[in-house]
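Structure first, commentary second.
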Amino acid sequence: MAISNLRKWLATGLLSLAAATTVQADTFVFTAIPDEDETKLVERFRGVADYLQEQLDVEVRYIPVKSYAAAVSAFRNNQVQLAWFGGLSGVQARRLVPGSEAIAQGVEDEAFETYFIANTSTGIQPADSLDELEDELRGKTFTFGSKGSTSGRLMPEFYIRDVFNEAPDSLFSRVGFSGNHTRTLRLVEAGTYEVGALNFQVWEKELENGNIDTDAVQVIWRTPTYPDYQWTIRGDVDERFGDGFKQKMTEALLNLDDPALLESFPRSGFIPASNDDYEPIRATAENIGILD
Amino acid sequence: MFAYPTVRASFIFLAVALLGLLVADIAITTANPWQDLGRFFLGVATPNFFSTEGLLTALLRTVAFAFVGVTLGSICGFLLALVYRFLPVRIFCAFIRAIHELFWALIFLQFFGFHPLTGVLAIAIPYAGIFAKVYSEILEEADPEPGRLLPPGTSSIAAFLYARIPDCWVQMRTYTAYRLECGLRSSAILGFVGLPTLGFYLESSFSQGLYSDAGAMLILFYVLIATMPLWLRPKLLPVYVLAAPFFLGDGLPIVWGNVERFFTEDIIPSPIRDGEGLAAIWAWLSDVLITEALPGIWNTVVLTQIALVATGILSLLAFPLISNHFGGPVRRTSGHVFLVIARSTPEYILAYILLQLWGPSMLPAVVALALHNGGIIGHLIGRQTNTIHLRPDAPVGFSRYSWELVPRIYRSFLAFLFYRWEIIMRETAILGILGIYTLGFYVDSAIQNIQFDRAMVLILITALLNIGVDALGRFIRRKLALQTMPTC
């Protein structure tokens, strides 16, 4: 009995390996950083997948990931060939994949902003410059978005360090990472954290849709502008999907004009981008030690 | 009273935990924690089973990953058990089981990516280490008599198969089936890092506050575990095991170049990779140790000690819930349901839920660890009290609890508790991924920054810490002459 069972188990082990190595060759796969509520992401990117599939005549598949780093790793490992990255994750990805290129960004991404928001129970009033808020902010609880976020982590941390000359965890009594922008908004609105920093587009969209209790939470400071989200594609897609594929992909993204799809991003349209556009992000990330 | 070593040990641990409480970060930081908790329970009471089309698929994947992972782990563990007497094998096994499934998953994600192998190996590897240890213990305790009766010249393989295995078979089968339940829990939480199991959807629903959806998933998971005796029949087992690999999903193809790159570049400390000198390597290492490893170790140890004592207290409070010595059948049934829920919910999921509701501090982690582990130990010693027959005129109520039962089960209670010490520490480290500043927090940060060299150093340190606590736990159990069956 023991032996026959053992044999069965061994056979299964081999089978599992065989089953696991099934490959689907010609599907073009893309992903996106999980910066917002997942149901929104799936809705948004399924639409994009359908659109791209129609435009490019290849099977296009979107896979959701659970963290910014997972998006970068999947891109680096060639399990996805295209990604909607934030400024920082895009810089990380392009450093790791030589030949990869930023091909398009949202119209709004040329001049992106981070909003610092506070629960109204703190009594913090909006200010024009961050240093006016030093006394109010000191000792409060504070949440970033994801650890790998540009608007939710990199830029707010940069300005906190730049203006107050100290690390966030010495200025604030408690520093957390909510995971994404929608979550930051909800946590500060609920008072779990007193202050937070998030992507201004998420704030504006939620505000427009009436999803923010403006009696409970308000914007207290806006950062200067910086470049953010972009579509980044691997350099080897032409070899794999045929000559001119990258060009066709770029055009398809730039021509995307379905208002419903654009609204879901939310962007008013996509415009050309280049790796050099993100030089300021790279410098900032090195400055605060997120990049070596 | 202090003359008893078990009592002295208990008070030492209690004192350490109380000191830990003084320095620990224990707080509820949300403005309306009870309101959220109420909404959560309302969600569980009004489950929505039709939220995601993928819910049943996720449940199927959860079972499939558990079956394949546990099967592979038990085969490898069995082979390792045969050579377990060699020190290098023992060290190797101690090492692979000291690294939590989620850490293994995070490592494999970096080069296998979203391929089913990531999830399978994340379960199989640490489980192989645990199986090797437990199988070898079972084999060692087998009755040597049948072996002696074999005619001279019997090959050692035949002797092993016909004289040793039959004696151990039932015990090994029971333990393996028990491990499968643990495998289901492990499989479910792998979803939190992106594998297509239940945790994937649970995390999404929870973070969006969709408590009815999350409640439905939790209920399905409890039903799955509670009905195991019904669907997990020995005769059906080969069918499950053979079918499971086909239900893992396709994932994305493996690119083998990534594997090589990971081992030859990614995890090499950056100063070595860049060819900088010894001084740079030292500077790099001390930076990792001082800014990340030390605070991580401190928080991990503090949290572990508090959670250990909280687990102990909860176990002692909880076991009467299912004990024949108290209450009627109705109360005992509800006690059973409570303990099944407490121990079936992985501490990672409990901690995640409580963190969402109460905000980030060590408190949700302590409560989650105590509930889960206390549920397990409470169940075990509660069952044990059912075998105790007291005199007909024995006291009832609180006197029965404190003067008759607790003294009788105290030694096995301590044995279970010290056995789970290392498990609690392994979980404590991993809870860092959720935002508590234990070692897992720094591992996760390094991975988010794509600094796998740092992540590997921190994972190694976590493993060493676990091995240390495991050894200490075994030493104390030996000192106090406590014996126990393994739990997971």
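Centre-to-centre separation between the Cα atoms of region B:177-205 and those of region B:430-488: 20 Å.
Hydropathy at least 0.5 by Kyte-Doolittle, axial extent at least 30 angstrom from the Cα trace: which helices of chain B, defined as entire DSSP H runs, fit? Both cut-offs are met by B:55-82, B:116-140, B:294-318, B:362-385, B:406-431, B:452-479.
Think of each Lys and Arg Cβ as +1 and each Asp and Glu Cβ as -1; about the Cα centre, that makes the dipole of region A:113-222 roughly 520 debye. Charge dipole of the protein assembly as shown (Cα centre as origin; +1 on each Lys and Arg Cβ, -1 on each Asp and Glu Cβ, all else neutral): 5200 debye, rounded to the nearest 20. Take every Cα pair under 8 Å whose residues are at least 6 apart in sequence, average their separation, divide by the length of chain A, and the relative contact order is 27 percent. What you get for chain B, charging only the Cβ of Lys and Arg (+1) and of Asp and Glu (-1), is a dipole of about 1780 debye around the Cα centre. Relative to one another, the C-alpha centroids of region B:356-399 and region B:215-232 are positioned 22 Å apart.
Each part reduced to its alpha carbon centroid, region B:35-66 and region B:245-264 end up 29 Å apart. Taking a straight line from the alpha carbon of A:K140, these aspartates and glutamates sit under 12 Å away, with near neighbours fewer than eight places off in the same chain left out: A:D169, A:E194. The GluC sites (Glu not before Pro) of region B:219-306 that meet both conditions, a loop assignment by DSSP and at most 15 other Cβ atoms within 10 Å of the site Cβ, are B:E276.
Give me the lysines in straight-line cross-link reach of A:K66: C-alpha distance below 23 Å, same-chain residues under 8 apart excluded. Cross-link targets: A:K40, A:K147, A:K205. From its DSSP helices (H runs of at least four residues, each -39,500 (n - 2.57)), the protein assembly as shown gives a residue-normalised ellipticity at 222 nm of -19000 deg cm²/dmol. Straight Cα distances below 23 angstrom link B:K479 to the lysines B:K133, with same-chain residues fewer than 8 positions distant left out.
Given DSSP loops and a limit of at most 12 other Cβ atoms within 10 Å, what is the longest stretch of chain B that contains no such chymotrypsin sites (Phe, Trp or Tyr not before Pro)? Longest run free of exposed loop sites: B:87-488.
Just so you know, all these numbers are worked out from the coordinates, no wet-lab data involved. Please read these numbers as outputs of a predicted model, since none were measured by experiment. Note that we place each Cβ from the backbone using ideal geometry, even for glycine, and neighbour counts take in every protein chain shown.
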